Amino acid sequence: MSESSPVAAPRARRTQQERRDSTRLKLLEATVECLVELGYAQATTIAIAQRAGISQGALFKHFPTKAELLAASVAHLFPRLIAEYRDGLDAVPHPDRVSLAIERLWSIYQRPELIAALELYVAARTDTELASALGSVDPPHRRHLHQVARELFPSAASSHPDFDATIELILNAVQGAAVGGVALPANPAHRQMLALLTQLALRALSPPPQP
């Protein structure tokens, strides 16, 4: 008597929530891709829905407005970029960690996805709905950035009263240069700025001298 072939177990059907989460993720990824390739003005909900492979009506079931979709895509993108930024940085000794942190921050700000996200913040100047939607994303993102800085430089965070202001200065300097770099990508002043910023950061983020 021959052995019967094993019967494959039936695949479990995805729950409604799993399907919703999958569709939402497709929309967020498609939005980032459209922003990178098409820019804010041409990243329409029609283009995004087509790239995600769903109907425009389904898109609006997940995100009632385009502004909410754009803000959600930024909120989806930021943690991933922060994780890439931080990868392995904790293991780098001081002061090399400071230098690498500045250099890596500059590299992250050159990423097309982040440049596309910054374009949204510029567009929000004249788009009140987008400004409102981004207003709910930016504060927790900024707090996350400061928390990462505190974890990377705990001694400086606990001993320097101007630590948070220093982090804001570094972030704003690199972000501003990145925006300017869209028009002048080969501007030699950017490297000079980074070198000076690294020197300032080394002084500001160095552990206090031992008594």
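The values are calculated or read from the model by the stated rules, or taken from the named source; none is laboratory data. What you are looking at is a predicted structure, and each value in this text was computed from that prediction instead of being measured. Cβ sites come from the backbone with ideal geometry, for glycine too, and all protein chains shown count toward neighbours. Calculation scope for accessible area: heavy atoms of the full protein, side chains included, ligands and nucleic acids excluded. Shrake-Rupley method; radii C 1.70, N 1.55, O 1.52, S 1.80 Å.
All conditions in (1) within 25 Å of L70 (Cα to Cα); (2) surrounded by 14 or more Cβ atoms within 10 Å (Cβ to Cβ); (3) touching a residue at least 60 places away in the same chain (Cβ under 8 Å) hold for L197, with the sole exception of (1). Summed over segment 174-196, the residues that are under 18 Å from A117 (Cβ atoms) and in contact with a helix residue (DSSP H, G or I) (Cβ under 9 Å, 6 or more places away or on another chain) give a count of 8. Just one of the listed residues (A133, A149, A116) is of a type in the set (A, V, I, L, M, F, W, C), over 16 Å from T31 (Cβ atoms) and assigned to a helix (DSSP H, G or I), namely A149.
Pairs are defined by a Cβ separation below 9 Å, a sequence spacing of at least 6 or placement on different chains, a first member in segment 88-113 that is of a type in the set (A, V, I, L, M, F, W, C), and a second member that is in a loop (DSSP other than H, G, I, E, B); the pairs so defined are V98/F153; V98/S206; L100/V92; A101/V92; A101/F153. Is it the case that some residue within segment 160-174 is touching a Leu at 6+ places or on another chain (Cβ under 6 Å) and part of a helix (DSSP H, G or I)? The answer is yes; a qualifying residue exists. Looking across segment 93-121, the residues that are open to solvent by less than 30 Å² (accessible area, probe 1.4 Å) and closer than 17 Å to P154 by Cα come down to V98, A101, I102.
I82: in contact (Cβ under 8 Å) with a residue 60 or more places away in the chain and either of a type outside the set (S, T, N, Q) or in a loop (DSSP other than H, G, I, E, B) (or both), yes or no? Before the answer, list the steps.
Working: in contact (Cβ under 8 Å) with a residue 60 or more places away in the chain: yes; either of a type outside the set (S, T, N, Q) or in a loop (DSSP other than H, G, I, E, B) (or both): yes.
Taking the combined requirement at face value, the residue satisfies it.
The residues of segment 146-172 that are in contact (Cβ under 8 Å) with a residue 60 or more places away in the chain and either open to solvent by 80 Å² or more (accessible area, probe 1.4 Å) or more than 17 Å from T198 (Cβ to Cβ) (or both), listed by number, are V148, E151. Those residues that are open to solvent by 70 Å² or more (accessible area, probe 1.4 Å) and either touching a His at 6+ places or on another chain (Cβ under 9 Å) or touching a residue at least 24 places away in the same chain (Cβ under 8 Å) (or both), I need them from segment 11-25; list them, please. Those that are open to solvent by 70 Å² or more (accessible area, probe 1.4 Å) and either touching a His at 6+ places or on another chain (Cβ under 9 Å) or touching a residue at least 24 places away in the same chain (Cβ under 8 Å) (or both): R20, R24, L25. Going through segment 26-76 one residue at a time, which ones are open to solvent by less than 20 Å² (accessible area, probe 1.4 Å), within 22 Å of I115 (Cβ to Cβ) and either without any contact (Cβ under 8 Å) to a residue 24 or more places away in the chain or not in a helix (DSSP H, G or I) (or both)? The answer is A30, C34, G39, A43, I48. For segment 122-145, the candidate set comprises residues that are under 30 Å from S99 (Cα atoms) and open to solvent by 70 Å² or more (accessible area, probe 1.4 Å); within that set, the residue that is modelled with the lowest pLDDT is V122.
Evaluation of V179 against the conditions (1) at pLDDT 90 or above; (2) closer than 30 Å to T31 by Cβ; (3) touching a Leu at 6+ places or on another chain (Cβ under 7 Å) shows that the sole unmet condition is (1).
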